[in-house]
1. Relative to the present Cα-Cα distance, how much length would full extension add between Thr208 and Leu193 at 0.36 nm per residue of separation?
2. About the Cα centre, and with charges only on the beta carbon of Lys, Arg (+1) and Asp, Glu (-1), how big is the dipole of the chain? Nearest 20 debye, please.
3. Which loop-located chymotrypsin sites (Phe, Trp or Tyr not before Pro) does the stretch 141-230 contain, where loop means any DSSP state but H, G, I, E or B and the Cβ has at most 14 other Cβ atoms within 10 Å?
4. Can you tell me the length gained on complete extension of the stretch Arg34 to Thr104, counting 0.36 nm per residue apart and subtracting the Cα distance?
5. What is the set of long-range amide H partners of Gln137 at a cut-off below 5 Å, with H atoms built 1.01 Å from backbone N?
6. For Arg23 and Ala64 in the same chain, what is the full-extension length gain: residue separation times 0.36 nm, less their Cα-Cα distance, in nm?
7. Could you give the semi-axes, largest first, of the ellipsoid that matches the stretch 111-243, computed as the square roots of 5 times the alpha carbon gyration tensor eigenvalues and rounded to whole Å?
8. Sequence neighbours fewer than 8 away in the same chain don't count; with that in mind, list the aspartates and glutamates whose C-alpha is under 18 Å from Lys47.
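Only the coordinates and a few stated rules stand behind these numbers; no lab work does. What you see is a predicted model, and the numbers here were worked out from it, not measured in a lab. Glycine also receives a Cβ, built like all others from the backbone with ideal geometry; neighbour counts cover every protein chain displayed.
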Amino acid sequence: MNRRGEDRKHWSEVAEEWVAWARKPNHDAFWAYRASLAAFIGRGDGKALDVGCGEGRISRELTACGFQVTAVDAVSRLLRAAIEAQSARNYAVASAVELPFENTQFDLVVAYNILMNIEDVPAALKEFRRVLRPTGQLLISISHPFVDHGHFASKEMNASFVVEGTYFGRQRFEGVEERAGLLMHFAGWSYPLEAYGMALEEAGLAITSLREPIPDVDDGRNHLAPWLRMPLFLWLKARPLAL
């Protein structure tokens with residue numbers, strides 16, 4: 001089995017875990033960045049594509065921002081969850097590297113924490129570029145590439161951040177998180193920032209905005225307080241270069 005098949009198999013196996021994990025209010029990091037993400041997306045009324053939509057929470061945010069949303073995911077169970085929650089206007093089961101759309105269909109393509117689950121990031125970004133209108137925009141959220149390669153030494157607020165091994169190169173990761181009685185098995189790929197930058201360049205996309213958002217740690221989100229010291233996520237906007 002190739003790695004692309006393994007990633008789809010993994011998320012198919014943990015789909016129910018993810019639906020429960022993502023839909024519990026104020027549970028994971030998404031909720032601490034939600035307001036900042038909505039501001040970064042901005043208001044719009046065009047057509048948006050949510051790639052790797054999962055159970056649909058980003059599609060719902062895009063809808064709330066005024067977009068006409070199409071949601072796609074390679075895992076049919078996750079897409080069904082998005083449909084059940086009426087997350088978007090249109091839906092399709094599809095891989096990020098094989099989008100079932102004609103060229104230049106969307107004003108906005110969003111890849112929220114999905115690129116870490118894709119082995120062939122350059123191929124995915126070329127697909128995003130293909131379906132974007134010339135005046136369109138790509139919005140990416142990823143785990144911060146530096147953070148991906150380390151961990152805090154303890155749960156103390158001022159604990160050291162320890163980097164093990166090398167930052168460079170593509171690396172496979174697997175892990176388990178448990179919180180508030182819920183268990184989530186994660187798996188994917190870690191890439192250095194340069195790899196994302198080169199893939200965007202090769203796809204004919206130019207970065208126009210960059211954010212390292214700070215979490216809102218109110219409402220019982222104290223477990224995210226260490227991320228007031230360094231960024232957990234990296235957000236990018238990019239636009240197509242003229243051909």
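1. Net length gain for the segment: 3.8 nm.
2. Its charge dipole is roughly 520 debye.
3. Phe168
4. Value of the extension gain: 22.4 nm.
5. Sorted by chain and number, the residues that satisfy this are Leu108, Val109.
6. Computed gain between Arg23 and Ala64 is 13.1 nm.
7. Its equivalent ellipsoid spans semi-axes of 29, 17, 14 Å.
8. Correct list for Lys47: Glu61, Asp73, Glu102, Asp107, Glu127.
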